[in-house]
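A.B. asks: After the structure tokens below, expect a handful of questions from me.
The values are calculated or read from the model by the stated rules, or taken from the named source; none is laboratory data. Owing to the predicted nature of the structure, the values given are computational and were not obtained by experimental measurement. With ideal geometry, Cβ positions are generated from the backbone for all residues, glycine too; neighbour counts draw on all protein chains shown. Just the protein is used for accessible areas: all its heavy atoms, side chains included, with ligands, DNA and RNA removed. Shrake-Rupley method; radii C 1.70, N 1.55, O 1.52, S 1.80 Å.
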Amino acid sequence: MQSKLTKSVVVVGVGLAALSAVTWPARIVAADTPTTPRKRPPPENRDESKVPPYELPDALVLKNGQRVTDAETWTRKRRVEILELFRTEMFGRRPPAPIDLKFKVFDETRGALGGKATRKQVAVYFSADEKGPRMDLLLYIPASAPGPVPTFLGLNFGGNQAIHADPGIKVSESWQRGRAEQGYVKNRATEATRGTESKRWDVDAILDRGYALATAYYGDIDPDFDDGFKNGVHPLFYRVGQTKPASDEWGSIAAWAWGLSRALDYLERDPAIDAKRVAVMGHSRLGKTALWAGAEDERFAIVISNDSGCGGAKLSRRVFGESVHQINYSYPHWFCDNFKKYNERVSDLPFDQHMLIALMAPRPVYVASAERDQQADPRGEFLSALHAEPVYRLFGAAGLGVKDLPPINQPQMGAISYHIRSGVHDVTPFDWKCYLDFADRHFGLK
Ligand code: GCU
């Protein structure tokens, strides 16, 4: 009796799933199906002695069990497999560039920043509808540039006007999470928000060293809250009747990364920029984004992850700091729905984050941590960089040169680079100096 009942329940479940896939219009299913109650994750571990042993998947073993021993097989076979796994199980797949992608330069000012730079502002339209969503790209190009310059590209958190006090920057009109004391009112930026994030953007150093800076507000691509993907760029790509991404389709991080590729599409058309020498850089959730942008789009010549933590450089299997369960619980819109399957079984993930770092190979990649950013697990970030080494070695690149965390504030620079800086979760002039030295080295400026 008991077993019969159980069986019939199972059958009903399957029947409904089949029915929903075949006959129900997707719109009704999505709107009417109550979301599964989310299970609260356990508190994070901050005690190194309590980290249980774990085993990492081997980046160099193909699904069919064969070992990869040369760069060509890596590129042609294993890289393709791993990229597909990250797409399906973590970040979600993304659409190609829209056919209607359009750029309008709405500001070009020579002699900006006291004569140091040319400032450009470009509207990037993702569809034929100019009402949006649209992304405003801000560029500072060194005034004295003799020709096309290498460029740092990164998304910002508070709107372009927050990265510098320059009164010429258009104040963002997009939805903002920003706090009242920083000058944000009713989820909008005001004049008072100019320069509030300038400490994180060492514009002077970037320009003085001959680089351009390009940045855009991440919320122009998709506002950072869980609204069931009604705003931002996702709806532009829904099939008829679709109201939210499928379980293997892009979450917000994949959308932000896609936006970075669209920024690069513009940079390729700007004669002042050397688009073959663009370093994509991001901090925290935007560091996760920079890594995924670099994985999806090999046009990015250098990839830099600043304090990216869980879902970025940090190993998921290492039980320290933020966990996969916690990140999916607090930010259900960041990754695709499939990633939630692993909340309580990270050891079943077909990859770990060292394989995300390996997807950059042979391009230079920089992973940075901060000593007091324990939530992001500096050791877990370092270990991802370390375990990506075997893939870089296939290309003849030297490894990190250390097997354990290097001393504080002493960057280890190679094709894979790493530093742990003193201080908290942030981007500082020290971080920028390291990234500039790194770019100089790899772009042949030094
Ligand atoms: C939260 C989140 C992190 C993320 C960070 C940020 O702390 O848990 O995963 O990196 O926000 O983006 O600032």
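A.B. asks: Within region 338-369, track down each residue that is within 16 Å of the ligand (Cβ to nearest atom), under 27 Å from Arg441 (Cβ atoms) and touching a His at 6+ places or on another chain (Cβ under 6 Å).
C.D. replies: In the first step, residues of region 338-369 are kept if they are within 16 Å of the ligand (Cβ to nearest atom); the result is 339-340, 342-343, 346, 353, 356, 367-369.
Filter once more, keeping what is under 27 Å from Arg441 (Cβ atoms): 353, 356, 367-369.
Residue satisfying the conditions is Ala368 alone.
A.B. asks: Somewhere in region 229-243, is a residue under 16 Å from the mean Cα position of the chain (by Cα), of a type in the set (D, E, K, R) and more than 11 Å from His333 (Cα to Cα)?
C.D. replies: Checked region 229-243: no residue is under 16 Å from the mean Cα position of the chain (by Cα), of a type in the set (D, E, K, R) and more than 11 Å from His333 (Cα to Cα).
A.B. asks: Of all residues being outside any loop (DSSP other than H, G, I, E, B) and either more than 10 Å from the ligand (Cβ to nearest atom) or open to solvent by 10 Å² or more (accessible area, probe 1.4 Å) (or both) in region 307-327, which is farthest from Arg372 (Cα to Cα)? Just the residue, please.
C.D. replies: The extreme case among them is His325.
A.B. asks: Determine if region 211-222 includes at least one residue that is part of a helix (DSSP H, G or I) and of a type in the set (A, V, I, L, M).
C.D. replies: The initial filter retains those residues of region 211-222 that are part of a helix (DSSP H, G or I), namely 218-220.
Going one step further and asking which of them are of a type in the set (A, V, I, L, M), we end up with none.
Taking every residue of region 211-222 in turn, none turns out to be part of a helix (DSSP H, G or I) and of a type in the set (A, V, I, L, M).
A.B. asks: Among the numbered conditions (1) open to solvent by 10 Å² or more (accessible area, probe 1.4 Å); (2) within 15 Å of the ligand (Cβ to nearest atom), tell me where Phe335 comes up short.
C.D. replies: (1)
A.B. asks: Taking the stated definitions as given, is Tyr342 surrounded by fewer than 23 Cβ atoms within 10 Å (Cβ to Cβ) and closer than 30 Å to Arg262 by Cα? Before you say what the answer is, go through the steps one by one.
C.D. replies: Values: surrounded by fewer than 23 Cβ atoms within 10 Å (Cβ to Cβ): yes; closer than 30 Å to Arg262 by Cα: no.
So Tyr342 does not fit the description; no.
A quick yes/no check of all residues on (1) at pLDDT below 95; (2) within 18 Å of the chain's Cα centre (by Cα); (3) not charged (D, E, K, R):
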| residue | (1), (2), (3) |
| --- | --- |
| Ala162 | no, no, yes |
| Ser172 | no, no, yes |
| Trp175 | no, no, yes |
| Arg194 | no, no, no |
| Ser198 | no, no, yes |
| Asp204 | no, no, no |
| Leu207 | no, no, yes |
| Tyr211 | no, no, yes |
| Ile221 | no, yes, yes |
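One line per residue, one yes/no per condition, for (1) of a type in the set (Lys, Arg); (2) closer than 20 Å to Ala415 by Cβ:
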site: Ile273; (1), (2): no, no
site: Lys288; (1), (2): yes, no
site: Ser308; (1), (2): no, yes
site: Ala313; (1), (2): no, yes
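A.B. asks: List pairs: first residue in region 61-73 and closer than 9 Å to Leu394 by Cα, second residue open to solvent by 40 Å² or more (accessible area, probe 1.4 Å) anywhere in the structure, Cβ distance under 6 angstrom, at least six positions apart or on different chains.
C.D. replies: Cβ pairs passing all conditions: Ala71/Leu394; Ala71/Phe395.
A.B. asks: Go through region 236-258 residue by residue and tally those that are within 25 Å of Thr215 (Cβ to Cβ) and either small (Gly, Ala, Ser) or not in a loop (DSSP other than H, G, I, E, B) (or both).
C.D. replies: Within region 236-258, residues that are within 25 Å of Thr215 (Cβ to Cβ) and either small (Gly, Ala, Ser) or not in a loop (DSSP other than H, G, I, E, B) (or both) number 10.
A.B. asks: Mind listing whichever residues of region 314-333 are over 14 Å from Asp377 (Cβ atoms) and among the polar types (S, T, N, Q)?
C.D. replies: Selection gives Asn328, Ser330.
A.B. asks: Here's something else I'd like to know. Within region 143-151, is there a residue that is polar (S, T, N, Q), in contact with an Asp or Glu (Cβ under 9 Å, 6 or more places away or on another chain) and buried (at least 23 other Cβ atoms within 10 Å of the Cβ)?
C.D. replies: As a first pass, look at region 143-151 and keep what is polar (S, T, N, Q): 144, 151.
Then keep just the ones that are in contact with an Asp or Glu (Cβ under 9 Å, 6 or more places away or on another chain); that gives 151.
Keeping just the survivors that are buried (at least 23 other Cβ atoms within 10 Å of the Cβ) gives 151.
Scanning region 143-151, I find at least one residue that is polar (S, T, N, Q), in contact with an Asp or Glu (Cβ under 9 Å, 6 or more places away or on another chain) and buried (at least 23 other Cβ atoms within 10 Å of the Cβ), so the answer is yes.
A.B. asks: State all residues of region 152-200 that are free of Cβ contacts under 8 Å to residues at least 40 places away in the same chain, charged (D, E, K, R) and either in a loop (DSSP other than H, G, I, E, B) or open to solvent by less than 60 Å² (accessible area, probe 1.4 Å) (or both); if no residue qualifies, say none.
C.D. replies: Glu173, Arg179, Lys186, Arg194
A.B. asks: For the list (1) closer than 17 Å to Asn45 by Cβ; (2) in contact (Cβ under 8 Å) with a residue 60 or more places away in the chain, I need the number of the one condition that Ser330 fails.
C.D. replies: (2)
A.B. asks: Further question on the same structure: Which of the following residues is farther than 23 Å from Ala293 by Cα, of a type outside the set (S, T, N, Q) and within 16 Å of the ligand (Cβ to nearest atom): Gly154, Gly147, Gly178? So that I can check it myself, show each step before the final result.
C.D. replies: Details: Gly154 fails: farther than 23 Å from Ala293 by Cα; Gly147 fails: within 16 Å of the ligand (Cβ to nearest atom).
From the options Gly154, Gly147, Gly178, the qualifying one is Gly178.
A.B. asks: Which condition from (1) closer than 23 Å to Leu85 by Cα; (2) within 16 Å of the ligand (Cβ to nearest atom); (3) surrounded by fewer than 17 Cβ atoms within 10 Å (Cβ to Cβ) is the one that Tyr238 breaks?
C.D. replies: (2)
A.B. asks: Between Phe229, Phe237, which is of a type in the set (Phe, Trp, Tyr) and out of contact with any helix residue (DSSP H, G or I) (no Cβ under 9 Å at 6 or more places or on another chain)?
C.D. replies: Phe237
A.B. asks: Restricting to region 281-303, what's the tally of residues that are among the β-branched types (Val, Ile, Thr) and either within 16 Å of the ligand (Cβ to nearest atom) or in a helix (DSSP H, G or I) (or both)? Write out each step before concluding.
C.D. replies: So the first thing to find is which residues in region 281-303 are among the β-branched types (Val, Ile, Thr), and the list is 289, 302-303.
If we keep only those that are either within 16 Å of the ligand (Cβ to nearest atom) or in a helix (DSSP H, G or I) (or both) too, we end up with 289.
Here the count works out to 1.
A.B. asks: If you don't mind, another one. Only one of these is open to solvent by 10 Å² or more (accessible area, probe 1.4 Å), away from the ligand (no atom under 16 Å from the Cβ), touching a Pro at 6+ places or on another chain (Cβ under 6 Å) and not in a loop (DSSP other than H, G, I, E, B): Asp274, Asp265. Name it. If you could, list the steps in order and put the result at the bottom.
C.D. replies: Details: Asp265 fails: touching a Pro at 6+ places or on another chain (Cβ under 6 Å).
Within the list Asp274, Asp265, the selection yields Asp274.
A.B. asks: A further question on this structure: Filter region 82-141 down to the residues that are among the acidic types (Asp, Glu) and in contact (Cβ under 8 Å) with a residue 60 or more places away in the chain and list them by number.
C.D. replies: Step one: list which residues in region 82-141 are among the acidic types (Asp, Glu), which gives 84, 89, 100, 107-108, 129-130, 136.
If the condition is that a residue be among the acidic types (Asp, Glu) and in contact (Cβ under 8 Å) with a residue 60 or more places away in the chain, then Glu89, Asp107, Asp136 are the ones that fit.
A.B. asks: Got at least one residue in region 19-27 being at pLDDT 95 or above and either in contact with a Ser or Thr (Cβ under 8 Å, 6 or more places away or on another chain) or not in a helix (DSSP H, G or I) (or both)?
C.D. replies: Looking only at region 19-27, we keep the residues that are at pLDDT 95 or above, and these are none.
Within region 19-27 (the criterion being at pLDDT 95 or above and either in contact with a Ser or Thr (Cβ under 8 Å, 6 or more places away or on another chain) or not in a helix (DSSP H, G or I) (or both)), the answer is no, since none of the residues qualifies.
A.B. asks: Moving on. So, of the residues in region 88-142 that are modelled with pLDDT of 95 or more and at positive phi, which turns out to be least open to solvent (accessible area, probe 1.4 Å)?
C.D. replies: Residue satisfying both the conditions and the ranking: Gly92.
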